Amino acid sequence: MNARRVFALWFTAVMESVTNAYHPPRVSRAALALAAGLQASGAVDPMANAPKAIPYPDHSRLLEVRDASGSVRPVNHPADWAERASHIRAGLQQAMGPLPGAAARVPLDLEECGETPSGKYLRRKIRFTPELGDRVPAWLLIPHGLRHRAPAMLCLHQTTDSGKDEPAGLGGRASLHYAHELAERGYVCLVPDYPSFGEYPYDFAKQGAHHASGSIKAVWNNVRAVDLLESLPQVDAGRMGVIGHSLGGHNALFTAVFDSRLKAVVTSCGFTPFHDYYGGKVAGWTSDRYMPRIRTVYGNEAGRIPFDFYEVLGAIAPRGVFSNSPVRDDNFEITGVRKAFAAAAPVFALHAAESRLVLRTPDSGHDFPEAERQAAYAWLDSVLR
C-alpha cells in the first residue's frame, strides 16, 4: 500500500470519526480499509501492542508479586492477586502475542446457513465475523421449549479434521459429544471451528500475519464467540462457561484468562506444566497453529517461556475450574497437573473459592470418560444454574 493511499484512508477515517463523535462507537469503512491495506502489506507488527511482562523465575510461586526492579512482596489479599494476575496475562501475551483491542471488534454479521432438528434441541449452522476479513463457521445448539434465558456454553473441539462436528454429536468419538449432551440438558451451546480445522481453512502465515500466534487468534475468535452468545435472546449472559478437550481443553483455559464473562471452565486432557510436557520438550506447542514464539524467541526452553499453567489456573480464580486429567494421559502428564492444582489452590483459598477448583483423575488415557463428563455437567449445573 503506497503512502498516498495510506494518507487518504487515514484522513477519511479521521473525518468520519469527527462526524460520528456523538454517536455510539463503530468502525468506519475507511478505518476498515486502512486496516485491511496495512494488514495485507505486512506493515502491522504483531507484537507492537504486547504488554511488557514481569519476569518470574518460578511460575509455581503464585502468592508473590514482583515489580520491574525484581522486588518481591507477598500476595495477602485479592487486590494483590489482581496485580499478579495482570502479570500472568502479560506473560501469556509475550508468548502468544497481544489480544486485539476494541478496534478489532467489528460487527459479528451473524449468518444462518441452515438448521436441523435434533431431538431436544435445534442444531443451526452459522458463520460470524471475529475480525476484519474473516468468517468463523460454527454450530449453534438451542434447546427446545426455553421459557426463560438459559445458561450457555462455548464448546471447543480437540485436534481433529472434523472440527466442530465432533462436540456437536456429528461423528467422531461419542465420549467427546459434550455440546450435544449439554444442549440436551438445556444449555445453549456455540461450537466454533478452530482456525485450519473443519470448514475453516486458514493460512496462519498470510491471513494470520497480524497475529503473533494461532493461539491468540483462536482466543480472539472465542472472545467474539462469547460476544455472540451474549447477544442471543435465549442466553443469560451472567451464566456462561466454556468446555473443551485436548486442544479445546487448553484453549478453554486461555480464553477464560482473558474473558471474565466465562464463569465456569471445564478442561479435559488440556494441560500440564511445560517442564512436565514430554520432559520439557515443548516443540509440540510451537507450530503456527499454536505458539511459534516458544521456538523463535524462547528457543524451545521450558524455563524461558514467560508463563506456565500454574498461573493459568490461578488467573481464573475465583471463577470455577473443573479438570478431567486421566492418570494414563500420554500427552499431559498427571504429576504435573497435580502440581499445578496444588500451586493454584491457595489462590482460590485467598478468594474463599476452594470448592470451585475441581480435579478428577480417572484411570484412563487421553479421553473424557462418561463418569467424568457427568460429573462435569453436574458441576456446571451447580455453578451456572
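A short reminder: the numbers here are calculations on the coordinates, not readings from a lab. A quick note: this is a predicted structure, and the numbers were derived from the prediction, not measured. Cβ placement follows ideal geometry from the backbone for every residue including glycine, while neighbour counts extend to all protein chains displayed.
Numbers at a glance
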quantity	calculated
Computed over the chain: relative contact order in percent, which uses C-alpha pairs under 8 Å that are six or more apart	15 percent
Ranking of C113, C189 by count of other Cβ atoms within 10 Å, fewest first	C113, C189
Charge context of R89, other residues only, Cβ under 14 angstrom, K/R +1, D/E -1	-2
The range 216-302 - Kirkwood radius from inverse mean 1/r over Cα pairs (Å)	14.1 Å
Ranking of K125, K217 by count of other Cβ atoms within 10 Å, fewest first	K125, K217
Formal net charge of residues neighbouring E115 (Cβ-Cβ distance under 11 Å; K, R +1; D, E -1)	+2
Projected area, mean over directions - the range 271-385, Cα convex hull, nm²	7.7 nm²
Rel. contact order, % - alpha carbon contacts under 8 angstrom, at least six apart, the range 258-327	48 percent
Gyration tensor verdict on the range 108-228 (Cα atoms; rounded if a/c is under 1.5, prolate if a/b is larger than b/c, oblate otherwise)	prolate
Length released on extending from R328 to S260, taking residue separation times 0.36 nm less the Cα-Cα span	21.3 nm
Enclosed volume per residue, in Å³, of the convex hull spanned by Cα atoms of the chain	150 Å³
Positive minus negative residues near D288 (Lys, Arg vs Asp, Glu; Cβ under 12 Å)	+4
Per-residue [θ]222 nm for the chain (sum of -39500 (n - 2.57) over DSSP H runs n ≥ 4, rounded to 500)	-10500 deg cm²/dmol
Relative contact order computed over the range 48-88 (Cα-Cα under 8 Å; 6+ residues apart), in percent	35 percent
Computed label-point distance, nm, for sites D363 and E112 using a 7 Å Cα→Cβ extension	5.0 nm
